[in-house]
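Below is one structure, written out as structure tokens; comments come after it.
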Amino acid sequence: MKTGIATVSIAGDFAAKLQAIAAADYDGIEIFEQDFLASDLSPRAAGQMARDHGLEVLLFQPFRDFEGLPDPLRARAFRRARRKFALMNELGTDLMLICSSVHPQSLGGIDRSARDLAELGDIAAEYGVRVGYEALAWGRHVDDHRDAWEIVRRADHPNIGLILDSYHTLARRIDPDTIRRIPGEKIFFVQLADAPAIQMDLLYLSRHFRCMPGEGDLDITGFLRAVLATGYDGPLSLEVFNDQFRAGLPRLVALDGHRSLINLMDGVHRAEPGHAVDLPDMPAPAAIERVEFIEFVTAPTDAPRIEALLETLGFRLTGQHISKAVRRFQQNGVNILVNTEQQGYAHSAFLSHGTCVSEIALVVPDAAQTFSRGKALLAAPFGDGPNPGELDIPALRGVGGSLLRLLDDHSTLSGLWDVDFRTIGPADAGAGLLAVDHISQTMPFDEMLSWTQFYTALLAAQKSPMVDVADPEGLVRSQAIKSGALRVTLNGAEARRTLATRFLADSFGAATQHIAFACDDIFATARALSDTGFAVLPIGANYYDDLDARYDLPADLLDRLKSGNILYDQDENGQFFQLYSRPFGDGLFFEIVQRTDRYEGYGASNAPFRIAAQARLGKPVTIPKR
Ligand code: MG
Ligand code: MG
């Protein structure tokens, strides 16, 4: 099936939009009339420019307020349509989208509208073009694809068909399975857009918050399954109005869109095999089995401070890379690498961001398969080539340019620690840190949807509803994603002065801001840490007064929380304990957590206290750069 995108979805002038769309490898475009009008190209030149980029002009849109008008408005609407048909001939496209009328004088009446469309069909035939009719969710008399279809059915004209748009159907909560009753050959075009589940006026939601399939909460897979069941095999095209995208980088938005279409078609194919979708050979999404290691890159002169911090956390130096300046610190199942290479990828990450997390290694059931799924989803593969005798571990570019390494337990990659590392000491139980509980990544708010989609398309993953975290200086949006043993929280920093924004600025866009380790006895861990001289983040007394007021905790538990600077949360599923390191580097920090029962959250209600405590400390304990 052909893939397309409406020019309105992308930032830039007409030429910049085409370049971005062509670079992301779509088959065609919908020309949004305003985008063409705002350019100074002739219609012929605009159409030619698209074709020169290898893009077919699939559709011209939108033609508004056509059907059901009384004269003389009706005659004027027909005259306007003729003008646009002539324009379409120049542009070189044969399909026009008419959306259902919102005109205050539109009379309604299914047969009146059907007669108007049938008459228009005759005129369209003179120009060799077709017309697709779309129900807007806020149309005056027609706001439902079932009514739009009834009008098209009664118009009964070969040049008149239906256009379906997932937003208009799903935002109004119309059952998409009603589409299965429509003959596929009468569906002329299909537009796709997702949206978040926010209670809002549908017009406002549509104009500002549409997003790529998979980035919102609508059941786009269910919608497309119904569409394909009709036998429809025309274009699938994105029509996304979104304030962030209109201010975003055109190429990234175009690429995200294409990735979302591939992921969507893959999802449809897996849910309902047998539909005619063209897909690259892509393995199924898999869940993460564990986080194998996290690598920090730093300067040789700064490494002793990070290594000392790791030692106060209970990590032991246990290995040394056979050819690189990379040291392995270990505690139970947790591995942290400290890389001080002066060349290659890690060094360039250090030059761009300072001390930062440069790689995260994830164990999946089959590393080669997850890697090839990533490539099919247009993720950037990364290869800096191993030295002879070392493993070639596949990697994809992740958030902030950091790397996601993919390992598994059944191929040669499982020999990582024996092949690439020399053992220099034993690991022990340390302070009781058992695993990586979650990884928190920070990004500009306008990239958040993009990375949410990256993780949820690549992996078998679930996302939780977005939550707002109050920083004293502004709001941070937080989205948690879980894939098997991997939990990631993505934080979108919007305001100028939040801690998250300052971290981004100070680290020049590094992604990982904190790493949380899991333990199974936070009080024992806190005692062990105080023996090693670990500098915990001090939490104010007001927090514990409030905790007492909220939860009515036993006095001795409250005392132990307070003396350990441990934060507490609970919900209907269980309890959550957290303690934090002081910030280091450009604002990195560690967290230690204990979950009881089935608590699945991240202590969001504690985040403002943590952020305030960090802010009270002023600048992080600095590791001087370079
Ligand atoms: Mg539409
Ligand atoms: Mg956390």
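Key figures
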read-out	value
Some residue of the range 461-473 being open to solvent by 60 Å² or more (accessible area, probe 1.4 Å), farther than 29 Å from N263 by Cβ and in the same structural domain as Y602 (by TED's automatic domain parsing)	yes
Close pairs from the range 132-154: first outside the structural domain of L192 (by TED's automatic domain parsing) and β-branched (V, I, T), partner outside any helix (DSSP H, G or I) and open to solvent by 50 Å² or more (accessible area, probe 1.4 Å), Cβ under 8 Å, at least 6 apart	none
From the options G121, G128, residue that is closer than 15 Å to F188 by Cβ, over 34 Å from the mean Cα position of the chain (by Cα), surrounded by fewer than 16 Cβ atoms within 10 Å (Cβ to Cβ) and modelled with pLDDT of 95 or more	G128
Scan of the range 360-399 for residues that are under 22 Å from the mean Cα position of the chain (by Cα), closer than 19 Å to V297 by Cβ and open to solvent by less than 30 Å² (accessible area, probe 1.4 Å), ordered by number	I360, A361, L362, A395, L396, G398, V399
Any chance T525 is open to solvent by 50 Å² or more (accessible area, probe 1.4 Å) and in contact (Cβ under 8 Å) with a residue 24 or more places away in the chain	no
Condition check for Q342: open to solvent by 30 Å² or more (accessible area, probe 1.4 Å) and part of a strand (DSSP E or B)	no
Boolean, G314 is touching a Gly at 6+ places or on another chain (Cβ under 7 Å), open to solvent by less than 10 Å² (accessible area, probe 1.4 Å) and more than 30 Å from T221 (Cβ to Cβ)	yes
Hey, V152 away from ligand 2 (no atom under 16 Å from the Cβ), within 21 Å of F78 (Cα to Cα) and in contact with a helix residue (DSSP H, G or I) (Cβ under 8 Å, 6 or more places away or on another chain) or not	yes
Any chance G509 is in contact with a Ser or Thr (Cβ under 8 Å, 6 or more places away or on another chain), more than 25 Å from R616 (Cβ to Cβ) and at pLDDT 95 or above	no
Residue satisfying condition, being assigned to a helix (DSSP H, G or I) and basic (K, R), within set R140, R180, R173	R180
Listing of helices (runs of 4 or more DSSP H) fully contained in the range 1-87 that carry 1 or more residues being over 19 Å from G257 (Cα atoms) and under 32 Å from the mean Cα position of the chain (by Cα)	33-37, 43-52
Some residue of the range 598-615 being away from ligand 2 (no atom under 11 Å from the Cβ), closer than 19 Å to D520 by Cβ and touching a helix residue (DSSP H, G or I) at 6+ places or on another chain (Cβ under 7 Å)	no
From the options D175, D165, residue that is assigned by TED's automatic domain parsing to the domain that holds G234, within 11 Å of ligand 1 (Cβ to nearest atom), over 24 Å from E119 (Cβ atoms) and modelled with pLDDT of 95 or more	D165
Residue list for the range 474-490, filter: aliphatic (A, V, I, L, M) and either open to solvent by 30 Å² or more (accessible area, probe 1.4 Å) or within 26 Å of M265 (Cβ to Cβ) (or both)	L475, I481, A485, L486, V488, L490
Filtered residues of the range 561-583 (kept if farther than 25 Å from S483 by Cα and within 16 Å of ligand 2 (Cβ to nearest atom))	N565, I566, L567, S581, R582, P583
Selection count, the range 529-548, where residues are open to solvent by less than 30 Å² (accessible area, probe 1.4 Å) and either more than 21 Å from I611 (Cβ to Cβ) or more than 37 Å from the chain's Cα centre (by Cα) (or both)	1
When residues of the range 105-142 are limited to those that are β-branched (V, I, T) and within 16 Å of ligand 1 (Cβ to nearest atom), the one nearest to F60 (Cα to Cα)	V131
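The values are calculated or read from the model by the stated rules, or taken from the named source; none is laboratory data. Just so you know, these numbers come straight off a predicted model, no measurement behind them. Because the Cβ atoms are built from the backbone with ideal geometry, glycine has one as well, and the counts that use them run over all protein chains shown. These area figures cover heavy atoms from the full protein model, side chains too; ligands, DNA and RNA do not enter into them. Shrake-Rupley method; radii C 1.70, N 1.55, O 1.52, S 1.80 Å.
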